[in-house]
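The values are calculated or read from the model by the stated rules, or taken from the named source; none is laboratory data. Predicted, not measured: the structure shown is a model, and the values here were computed from it. Note: ideal-geometry Cβ built from the backbone for every residue, glycine included; neighbour counts use all protein chains shown.
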Amino acid sequence: MNNAKPIRIIPILEIKNGLLIKGINLEGLRVLGSAKKFANLYYKHGADEICYIDNVATLYNTKNLNSFVTMTAENIFIPLSVGGGIRSLKDINDMLVAGADKICINSAAINNIKFLETASKKVGSSNITIIIQAIKIDNKYFISKSNGRDLVKIDPLIWAKKVEDYGAGEIIITSVNNEGLKKGFDIRLVDGISKKVNVPVIAHGGAGNFKHIYDVIKKTNISGVGLSSILHYEAINNFPRSKLKIGNTNFVNNFKRSNKRRNVIDKLKKYLKKRKIKVRDE
């Protein structure tokens, strides 16, 4: 493990029309509430960055993020990464103007690697993050696009090195197989990626408890962890019950709530610090 820099704690929010959604293996998406409210809460709780991924934009070629990003950026003062439906330099510029600090790309780079090269030269590699959605089949790994729906027969390690060579400033590696299951990260996958490249790597997919997060930090060379379920289902307790009527809302409307309002991010940072893992303090 590389202890040179503190580990970043990054809530990853999958969104649809301004609402936070969550599923398992990137499918079966449930509406949990206002994404902006969740982002504001995580900012107050000590998140180091926020990452929005608009899965609907990726699948249906819609672009609803700009005004939503602006409203979010007005209230949080940590780096904001945004992805979903980014297909052109204009899309990137519009999102940066709206208030994003970094742009996340997946499908567009797979479709045309030269787009990544052009984008990184135009806005700087530090503003470009590549998302790798890796799928494991018969003990072999492949990348995917369109939110994990389209398999691409390229090894994630080979792809990680290629996107680094073409200008990616950071990589988020998501294990589609582990995502949402809360049974731990794919250490083999994350370790392979983090050793293959020199740019920062963020591990995402599988965190169900603090030990899972500690293990992936301790056993790999990552720079941060992307967290979803472990945060979102605790965060629901911080908001009054709302009667949402958009999308698959049965889960959140019938969610069994707790009277305890935990700051998971703060507790996680204390847990890691106690175990000699460097984290960012306020």
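I'm trying to understand the selection: among the residues of region 178-201, which are assigned to a loop (DSSP other than H, G, I, E, B), buried (at least 18 other Cβ atoms within 10 Å of the Cβ) and either more than 15 Å from the chain's Cα centre (by Cα) or of a type in the set (Asp, Glu) (or both)?
Within region 178-201, Glu179, Gly184, Asp186, Val197, Val199 meet the criteria.
Only residues that are out of contact with any Ser or Thr (no Cβ under 6 Å at 6 or more places or on another chain), modelled with pLDDT under 95 and of a type in the set (D, E, K, R): list them for region 171-202, please.
Answer for region 171-202, where residues must be out of contact with any Ser or Thr (no Cβ under 6 Å at 6 or more places or on another chain), modelled with pLDDT under 95 and of a type in the set (D, E, K, R): Glu179, Lys183.
Could you list, in sequence order, the residues of region 179-198 that are under 18 Å from Asp155 (Cα atoms) and either in contact with a Phe, Trp or Tyr (Cβ under 7 Å, 6 or more places away or on another chain) or of a type in the set (A, V, I, L, M) (or both)?
Of everything in region 179-198, those that are under 18 Å from Asp155 (Cα atoms) and either in contact with a Phe, Trp or Tyr (Cβ under 7 Å, 6 or more places away or on another chain) or of a type in the set (A, V, I, L, M) (or both) turn out to be Ile187, Leu189, Val190, Ile193, Val197.
Tell me, please, whether a residue that is small (Gly, Ala, Ser), under 15 Å from the mean Cα position of the chain (by Cα), closer than 24 Å to Lys278 by Cα and modelled with pLDDT of 80 or more can be found in region 25-36.
Checked region 25-36: no residue is small (Gly, Ala, Ser), under 15 Å from the mean Cα position of the chain (by Cα), closer than 24 Å to Lys278 by Cα and modelled with pLDDT of 80 or more.
Any residue at all in region 82-89 that's part of a strand (DSSP E or B) and farther than 25 Å from Lys196 by Cβ? Walk me through it before giving the result.
Just the residues of region 82-89 that are part of a strand (DSSP E or B), to begin with: 82-83.
Adding the requirement that they be farther than 25 Å from Lys196 by Cβ leaves 82.
Yes - at least one qualifying residue is present in region 82-89.
Does region 137-159 hold any residues that are within 18 Å of the chain's Cα centre (by Cα) and either under 19 Å from Ile86 (Cα atoms) or in a loop (DSSP other than H, G, I, E, B) (or both), and which are they?
Within region 137-159, Ile143, Ser144, Lys145, Ser146, Asn147, Gly148, Arg149 qualify.
Here is a check on your reading of the model: is Ala109 modelled with pLDDT of 95 or more and more than 21 Å from Ile230 (Cβ to Cβ)? Let's see the steps before the verdict.
Details: modelled with pLDDT of 95 or more: yes; more than 21 Å from Ile230 (Cβ to Cβ): yes.
In short, yes.
Would you point out which residue out of Ala235, Ala168, Ala207 is of a type outside the set (Val, Ile, Thr), modelled with pLDDT under 90 and buried (at least 19 other Cβ atoms within 10 Å of the Cβ)?
None of the other options fit; the residue is Ala235.
Taking the criterion of being of a type in the set (Asp, Glu) and closer than 28 Å to Ile9 by Cβ, would at least one residue in region 164-175 satisfy it?
Among the residues of region 164-175, at least one is of a type in the set (Asp, Glu) and closer than 28 Å to Ile9 by Cβ, which makes the answer yes.
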